[in-house]
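Here the structure is laid out as C-alpha cells; the discussion comes afterwards.
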Amino acid sequence: LRARFDIPDPFRLFAAMRQEGHPIQIIPLILAALLIPPAVHASCPTYAAWLDASNEIHPVYCAGVPCNNLKGFATVALSPDGTYLEVTLQVQATPDSAAIPLFLPPAIYGPYDATQEAAAGVAPLATLSVPSLSLDQSLWSSSSRIKPADLPKLMDALRNGLAYVNVPTDRVPTGELRGQLQVVTCLEAELNSATACAAS
C-alpha cells in the first residue's frame, strides 16, 4: 500500500508560530503531525529538511544579486516493507517575487555533512520529481516514490545526518536551495513517552 502525503500549507503556520514565540524545537512534532499519516508511522524515522539558498556551499546569485525569494522543505520516509522511499518536496516563493525560476530535477546527495557538497559530475544517491505549480501561484510541490540503485547507502547517509536535498533551477543550475536531512522524532513515541522508533 503506497502511503500518500496530503500536505496543507505549513509555511504560514510555521511563520505565525515563530512570530508568536513558539520554540523551534516543536517543529519536528508539527512536521510529523502534518506530514506523516498513520500508514507511515510504522516506517519511521522520517527525515526532513528545510530548504534555503543560505544552506548552499557555493554562491547563489540571480542576476548578480543573492537569490532569496524561495523557501521550502522536504520529507523522506522509508516504505513499510523497506523497499522504496516516499519523498515529498514543497517550495514557496515570497509574495513579492518578480522572477520565478524554472525548476530542474532535485536530488539527494551523500554522504556529505552540512559543510560539504558533491563535486561537479558526482551522481546523486537519488533523483526526485520536478516540483510542479499548484493552484496557489507561488507554491510548487512534488511527491516521488523512488527505488535508489543503492538504498542501503542512502539509508546509511540519512541515519548519520549525511544526506542533503539539492534543488537546482535554470538560474542556478548547481543548486538554488539545499537542506540537510535530519531525523524527525516519531510523534507516537513523544505522545507515549516511549523510546524513539528504531531505524529500519
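Could you please find all residues in the stretch 73-109 being small (Gly, Ala, Ser) and at negative phi?
Matches in the stretch 73-109: ALA74, ALA77, SER79, ALA93, SER97, ALA98, ALA99, ALA107.
Report yes if some residue within the stretch 43-62 is crowded, with 18+ Cβ neighbours inside 10 Å, modelled with pLDDT of 90 or more, more than 17 Å from the chain's Cα centre (by Cα) and over 24 Å from ALA149 (Cα atoms); otherwise report no.
Yes, the stretch 43-62 has at least one match.
How many residues does the stretch 62-83 hold that are among the hydroxyl-bearing types (Ser, Thr, Tyr) and under 19 Å from PRO105 (Cα atoms)?
Of the stretch 62-83, the ones among the hydroxyl-bearing types (Ser, Thr, Tyr) are 75, 79, 83.
From what's left, under 19 Å from PRO105 (Cα atoms): 75.
Number satisfying all stated conditions: 1.
Any residue that is under 18 Å from SER129 (Cα atoms), in a loop (DSSP other than H, G, I, E, B), β-branched (Val, Ile, Thr) and modelled with pLDDT under 50 - is there at least one of those in the stretch 1-17?
Of all residues in the stretch 1-17, those under 18 Å from SER129 (Cα atoms) come to 2-7.
Those left that are additionally in a loop (DSSP other than H, G, I, E, B): 2-7.
Then keep just the ones that are β-branched (Val, Ile, Thr); that gives 7.
The next check asks that each one be modelled with pLDDT under 50; those that pass are 7.
Within the stretch 1-17 (the criterion being under 18 Å from SER129 (Cα atoms), in a loop (DSSP other than H, G, I, E, B), β-branched (Val, Ile, Thr) and modelled with pLDDT under 50), the answer is yes, since at least one residue qualifies.
In the stretch 106-121, which residues are over 18 Å from PRO152 (Cα atoms) and not acidic (Asp, Glu)?
PRO106, ALA114, THR115, GLN116, ALA118, ALA119, ALA120, GLY121
For the stretch 120-129, give me each residue that is part of a loop (DSSP other than H, G, I, E, B) and at pLDDT 95 or above.
Restricting attention to the stretch 120-129, the residues satisfying the condition of being part of a loop (DSSP other than H, G, I, E, B) are 120-125, 128-129.
Once the filter is applied, which keeps residues that are part of a loop (DSSP other than H, G, I, E, B) and at pLDDT 95 or above, the stretch 120-129 yields VAL122, ALA123, PRO124, LEU125, LEU128.
Yes/no matrix, rows are residues, columns are (1) out of contact with any Lys or Arg (no Cβ under 7 Å at 6 or more places or on another chain); (2) open to solvent by 10 Å² or more (accessible area, probe 1.4 Å); (3) over 17 Å from SER54 (Cα atoms):
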site: LEU104; (1), (2), (3): yes, yes, yes
site: ILE108; (1), (2), (3): yes, no, yes
site: ILE146; (1), (2), (3): yes, yes, yes
site: ASP170; (1), (2), (3): yes, yes, yes
site: PRO173; (1), (2), (3): yes, yes, no
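Quick grid of which residues meet (1) open to solvent by 60 Å² or more (accessible area, probe 1.4 Å); (2) free of Cβ contacts under 8 Å to residues at least 12 places away in the same chain; (3) of a type in the set (Val, Ile, Thr):
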position: ASN68; (1), (2), (3): yes, no, no
position: PRO80; (1), (2), (3): yes, no, no
position: LEU85; (1), (2), (3): no, no, no
position: THR127; (1), (2), (3): yes, no, yes
position: LEU133; (1), (2), (3): yes, yes, no
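Which of the residues belonging to the stretch 97-117 are of a type in the set (Gly, Ala, Ser), part of a loop (DSSP other than H, G, I, E, B) and touching a residue at least 40 places away in the same chain (Cβ under 8 Å)?
Within the stretch 97-117, the subset of a type in the set (Gly, Ala, Ser) is 97-99, 107, 110, 114.
Still in the list and also part of a loop (DSSP other than H, G, I, E, B): 97-99, 110, 114.
Hits for the stretch 97-117 are SER97, ALA99, GLY110, ALA114.
Checking SER143 against (1) small (Gly, Ala, Ser); (2) part of a loop (DSSP other than H, G, I, E, B); (3) in contact with a strand residue (DSSP E or B) (Cβ under 8 Å, 6 or more places away or on another chain): exactly one of these is not met. Which one?
Answer for SER143: the failing condition is (2).
The values are calculated or read from the model by the stated rules, or taken from the named source; none is laboratory data. These numbers come from a predicted model, not from an experiment. Quick reminder, even Gly has a Cβ in these numbers, built from the backbone with ideal geometry, and neighbours come from all protein chains shown. Remember, those area values only see protein heavy atoms, side chains included, never the ligands or the DNA or RNA. Shrake-Rupley method; radii C 1.70, N 1.55, O 1.52, S 1.80 Å.
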